[in-house]
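Laboratory data are not the source of any read-out in this text; all were calculated from the coordinates shown. Every value quoted in this text rests on a predicted model; they were computed, and no experiment measured them. All Cβ positions, glycine included, derive from the backbone under ideal geometry; neighbour counts span all protein chains shown.
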Amino acid sequence: QAKSAGRNTLRFFDNKMQAIVTSRAELENDLREGLRQQQLLLHYQPQVDVHGRIIGAEALVRWQHPSRGMVSPAHFIPLAEESGLILSLGDWVLNEACRQLRRWAAQPAMAHLTMAVNISARQIHQPDFVDQVLAAIHTAGVQPYHLKLELTESLLLEDTEEIILKMTALKACGVGFSLDDFGTGYSSLAYLKRLPLDQLKIDKSFVHDLLTDPNDAAIASSIITLAQSLGLNVIAEGVETEAQRQRLEALGCYTYQGYLFGHPVPADMLFAITPKK
Ligand code: C2E
Ligand code: MG
Ligand code: MG
Ligand code: MG
């Protein structure tokens, strides 16, 4: 009796674990297939200056799955990172973003736009990462200084020297770097100053309650001051209201990204958005 219950229990857990493993494996297979079948696409979210003019965009990957519908990157990027698929996915994103940058460069009204591209840890740790980025730039025929790579703090904690070397090499070619989700990680100030960064990106979690939470306001203010003293640009992400934008402006932040100015959209819709402010 007890033995069979034990077996059943074991089988129950087995089945449950098996289901989890299967669904992950399925999703991973689907993603691999999706890459081949061109189910991935990029949406672009405007980055605006203090006058509400679009100065650039961030490329955000989307997965249009034939039966699951639009799958969120928050869901499949971690999976892609664990499985290693991020390497081919990331390379595709980089090349596609550069091709879009080329289309903008061909139109006088858009030729000034910069393109921000998210880079994951596994990508930057590839031995030929620098070559991959330069190849994407050269193949598309774009200006390196129109490309900005977004890194996160957690990514920079491992093999720091190697990453600094790669960043320095790309920066020497004109490529820019922004530190994404800034304030949520653990980078020390001493460490920050050694990185060849161009921009700090204030995480949206601090922007969200900027007007009601004095701690968030203090953090946002400190990040802006820090950026100024390190000679870096600063951009705020997740700006949803004009009141938030005004507060950020008062604190000394003059570049913004968020739903107030536009959601991530297909490239041809970027300028269909009416700039607010
Ligand atoms: P992230 O790079 O910090 O991108 C900002 C996220 O905030 C995006 O979510 C964007 O849609 C969302 N967002 C923009 N404005 C607002 C706003 O006003 N309010 C709120 N609440 N959210 C806003 P998304 O597109 O779902 O992407 C999630 C994350 O997935 C990104 O965070 C990034 O870490 C990752 N990701 C997206 N595309 C790529 C990619 O091509 N490569 C890599 N490695 N990661 C990517
Ligand atoms: Mg980003
Ligand atoms: Mg971010
Ligand atoms: Mg984020």
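Selection among Leu156, Gln244, Gly185 by position relative to the dipole of the chain gives Gln244 as farthest towards the positive end (Cβ unit charges, Cα centre). For the chain, adding -39500 (n - 2.57) for each run of n ≥ 4 DSSP H residues and dividing by the number of residues yields -15000 deg cm²/dmol at 222 nm.
Between the amide H of Gln47 and those of Ile55, Gly56, Ala57, Glu58, distances stay under 5 Å, these residues lying 5 or more places away or on another chain, with hydrogens modeled in the peptide plane. Each Lys and Arg adds +1 at its Cβ and each Asp and Glu adds -1 at its Cβ; summed about the Cα centre, region 32-168 shows a dipole of about 760 debye. For the chain, the longest principal axis of the Cα atoms and the long axis of helix 2-36 meet at an angle of about 40 degrees. For Leu149, the amide hydrogen comes within under 5 Å of the amide hydrogens of Val117, Gly176, Phe177, Ser178, counting only partners 5 or more places away or on other chains and with H modelled in the peptide plane. For the chain, the longest principal axis of the alpha carbon atoms and the long axis of helix 129-140 meet at an angle near 60°. Computed from point charges on the beta carbon alone (+1 for Lys and Arg, -1 for Asp and Glu), the dipole magnitude for region 22-70 about its Cα centre is near 60 Debye. Dipole magnitude for region 179-237: about 320 debye, using +1 per Lys or Arg Cβ and -1 per Asp or Glu Cβ, origin at the Cα centre.
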